[in-house]
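Chemist: I have a structure I would like to understand better, so I am pasting it below and will then ask my questions one at a time.
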Amino acid sequence: MITKKIYLYFPKSETEKPIVYQLVKQFDLIVNIFRAKVTSEEEGYLSLEVTGTQENIDRAFGFLGTFDVDIHAGNKGMLWDAGRCGQCGACVVHCPTGALSIIDRATRTIGFCEENCIECLACVAACPFGACSSNF
């Protein structure tokens with residue numbers, strides 16, 4: 001079993017189709033949705049993890065390719081721009097997983113560990129410098 005992070009972008013024409021249901025039903029995948037905004041009135045997105053065999057994930061990606069859906073695999077939905085960071089630490093206290101942390105107490109240098117990020121986006125609202133942003 002493997003787990004892959006994927007982002008799906010849906011045009012309005014695809015938002016009412018049970019695509020995620022089919023990933024579970026047809027391809028025996030475990031789906032963990034992190035963020036979603038899909039409505040019938042506008043385009044939408046899903047940030048999710050899929051877990052299954054490599055074969056089933058490959059088959060599921062082939063299935064997704066039959067729709068007018070953009071698929072991005074392996075990218076993070078939360079972006080951190082070290083160049084914009086003011087090293088104030090406002091984001092650190094709001095980060096529940098420690099993905100944003102003070103990596104050097106003497107200089108108060110902030111660091112970002114992408115693997116720990118769950119994309120809760122609490123940092124986006126907390127950052128006064130715009131160093132934290134969302135891909136969506």
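The values are calculated or read from the model by the stated rules, or taken from the named source; none is laboratory data. Because the structure is a prediction, the values reported are computed rather than measured. Positions of Cβ are generated from backbone atoms using ideal geometry, with glycine treated the same way; all protein chains shown enter the neighbour counts. These accessible areas exclude ligands, DNA and RNA; they are computed on the full protein's heavy atoms, side chains included. Shrake-Rupley method; radii C 1.70, N 1.55, O 1.52, S 1.80 Å.
Chemist: Restrict the check to the range 44-57 and report whether at least one residue is assigned to a loop (DSSP other than H, G, I, E, B) and modelled with pLDDT of 85 or more.
Modeler: yes
Chemist: In addition: When only residues in the range 99-123 that are touching a Gly at 6+ places or on another chain (Cβ under 9 Å) and open to solvent by 50 Å² or more (accessible area, probe 1.4 Å) count, which is nearest to Asn32 (Cα to Cα)?
Modeler: Selected residue: Asn116.
Chemist: Would you confirm whether any residue within the range 88-98 is assigned to a strand (DSSP E or B), surrounded by 18 or more Cβ atoms within 10 Å (Cβ to Cβ) and under 18 Å from the mean Cα position of the chain (by Cα)?
Modeler: no
Chemist: So, one more: For the range 4-40, name all the residues that are touching a helix residue (DSSP H, G or I) at 6+ places or on another chain (Cβ under 9 Å), closer than 21 Å to Cys120 by Cβ and not aliphatic (A, V, I, L, M).
Modeler: Result: Lys4, single match.
Chemist: For Glu119, are the conditions met, namely being out of contact with any Asp or Glu (no Cβ under 9 Å at 6 or more places or on another chain), under 20 Å from Ser47 (Cα atoms) and without any contact (Cβ under 8 Å) to a residue 40 or more places away in the chain?
Modeler: No.
Chemist: Pick from the range 43-63 the residues that are under 29 Å from Cys132 (Cβ atoms) and in contact with a helix residue (DSSP H, G or I) (Cβ under 9 Å, 6 or more places away or on another chain): which of them is most open to solvent (accessible area, probe 1.4 Å)?
Modeler: Of the range 43-63, the ones under 29 Å from Cys132 (Cβ atoms) are 43-51.
From what is left, the residues that are in contact with a helix residue (DSSP H, G or I) (Cβ under 9 Å, 6 or more places away or on another chain) are 43-44, 46, 48, 50-51.
Working: Glu43: 129, Gly44: 8, Leu46: 13, Leu48: 0, Val50: 2, Thr51: 30 Å².
Residue satisfying both the conditions and the ranking: Glu43.
Chemist: Here is a list of conditions, (1) among the hydrophobic types (A, V, I, L, M, F, W, C); (2) under 21 Å from Cys113 (Cβ atoms); (3) touching a helix residue (DSSP H, G or I) at 6+ places or on another chain (Cβ under 9 Å); (4) surrounded by fewer than 17 Cβ atoms within 10 Å (Cβ to Cβ), and Met78 meets all of them except one; can you say which number that is?
Modeler: (4)
Chemist: Of the residues in the range 6-42, how many are open to solvent by less than 60 Å² (accessible area, probe 1.4 Å), in a loop (DSSP other than H, G, I, E, B) and more than 18 Å from Arg59 (Cβ to Cβ)?
Modeler: Final tally of qualifying residues: 3.
Chemist: Any residue in the range 64-77 that is modelled with pLDDT of 65 or more and β-branched (Val, Ile, Thr) sitting within a Cβ distance under 9 Å of a residue that is part of a loop (DSSP other than H, G, I, E, B) and open to solvent by less than 60 Å² (accessible area, probe 1.4 Å)? List the pairs, counting only those 6 or more apart or interchain.
Modeler: Close Cβ pairs (under 9 Å, with a partner that is part of a loop (DSSP other than H, G, I, E, B) and open to solvent by less than 60 Å² (accessible area, probe 1.4 Å)) amount to Val69/Pro11; Ile71/Gly65.
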